[in-house]
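A.B. asks: I am attaching a structure below and will ask some questions about it afterwards.
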Amino acid sequence: MSLTPKSSPTFLLLIIIILTTTAAASASAAAYSSIQQLLKSQGLPGGLFPNNVKSYNLDHTGRLEVHLHGPCLAKFETRVYFDSVVRANLSYGGLVGLEGLSQEELFLWFPVKGILVNDASSGLVLFDIGLAQKQLSRSLFEDPPVCKPQGAENLGRKLGFAAMR
């Protein structure tokens, strides 16, 4: 008895679909030379991530993983903390299911759950911090913010991000 796979048209079609989907996902991420270009192609402002992005990956499901040179603090309207890896689901007009990003409000730090641009003509970017949503001017996100490592490592431990690495 021989265990050789049968060549069926359905099996070959399945293999072709898998290879095409994988190649398309790789090509779509590789088509953009920077995270800023990728974000803009999805209707988001290019300056949502700081100036110290080392690399990023986008898989075929839309899962985005952004690698920074290290954890850091930046400022939009309020201070924000970026862990060394930030993850989110990228879709047109939104980053949802964010991990690795927190925002300071009234001396308290809250994890940012999502960033949305519902209407590009409104000029607003919506930060979802779970308990509340904050609308910020899109002009704050035109350029990547300067992100400083001073104190970010200690803050990351306090926020529970040290275990994510």
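The values are calculated or read from the model by the stated rules, or taken from the named source; none is laboratory data. Because the structure is a prediction, the values reported are computed rather than measured. Here the Cβ is made from the backbone with ideal geometry for all residues, glycine too, and neighbour counts use every protein chain on show. The area values use the complete protein model at the heavy-atom level, side chains included, leaving out ligands, DNA and RNA. Shrake-Rupley method; radii C 1.70, N 1.55, O 1.52, S 1.80 Å.
A.B. asks: Name the residues whose placed amide hydrogens come within less than 5 Å of the amide hydrogen of V112, ignoring near sequence neighbours (fewer than 5 apart) on the same chain.
C.D. replies: The list, which skips near neighbours in sequence, is L101, S102, Q103.
A.B. asks: If you take every residue apart from L44 with its C-beta less than 15 Å away from the C-beta of L44, what net charge results, scoring Lys and Arg +1 and Asp and Glu -1? Mind dumping the intermediate values first?
C.D. replies: On the way: positive: K40, R138; negative: D119, D128, E142, D143.
Residues close to L44 contribute a combined charge of -2.
A.B. asks: Can you work out the FRET efficiency for the pair Y32 and E99, with r the C-beta to C-beta distance and R0 = 30 Å, to the nearest 0.05?
C.D. replies: Numbers: r = 22 Å, r/R0 = 0.72.
Given R0 = 30 Å and the Cβ-Cβ separation, E is 0.90.
A.B. asks: Can you list residues whose amide H is under 5 Å from N52's amide H, if they're 5+ apart or on another chain and H is modeled 1.01 Å from N?
C.D. replies: C147
A.B. asks: Through the Karplus equation 6.51 cos²θ - 1.76 cosθ + 1.60, θ set to phi - 60°, convert the phi angles of region 118-123 into ³J(HN,Hα) values in whole Hz; use x for Gly and Pro.
C.D. replies: Residue by residue, region 118-123 yields 6, 9, 4, 6, 6, x Hz.
A.B. asks: Less than 13 Å Cβ to Cβ from A74, Lys/Arg counted +1 and Asp/Glu -1: what total charge do the surrounding residues give? Could the numbers behind the result be given before it?
C.D. replies: Values: positive: K75, R79, K148; negative: E77, D83, E104, D143.
Its environment carries a net charge of -1.
A.B. asks: May I pose another question? With a 1.4 Å probe and all protein chains left in place, how much of the accessible area of region 56-113 comes from carbon and sulfur atoms, in whole percent?
C.D. replies: The computed percentage sits at 57.
A.B. asks: Could you tally the net charge around Q135, taking each other residue with its Cβ under 14 Å from the Cβ of Q135, Lys/Arg +1 and Asp/Glu -1?
C.D. replies: Numbers: positive: K134, R138; negative: E77, E105, D119, D128.
So the surrounding residues net to -2.
A.B. asks: With θ set to phi - 60° and the Karplus curve 6.51 cos²θ - 1.76 cosθ + 1.60, what are the ³J(HN,Hα) couplings of region 84-89 in order, to the nearest whole Hz, using x for Gly and Pro?
C.D. replies: For region 84-89, the Karplus-derived couplings read 5, 10, 10, 10, 6, 8 Hz, x marking Gly and Pro.
A.B. asks: Taking the Cβ-Cβ separation of N57 and A132 as r and a Förster radius of 30 Å, what is the calculated FRET efficiency to the nearest 0.05?
C.D. replies: Working: r = 31 Å, r/R0 = 1.02.
Approximately 0.45, to the nearest 0.05.
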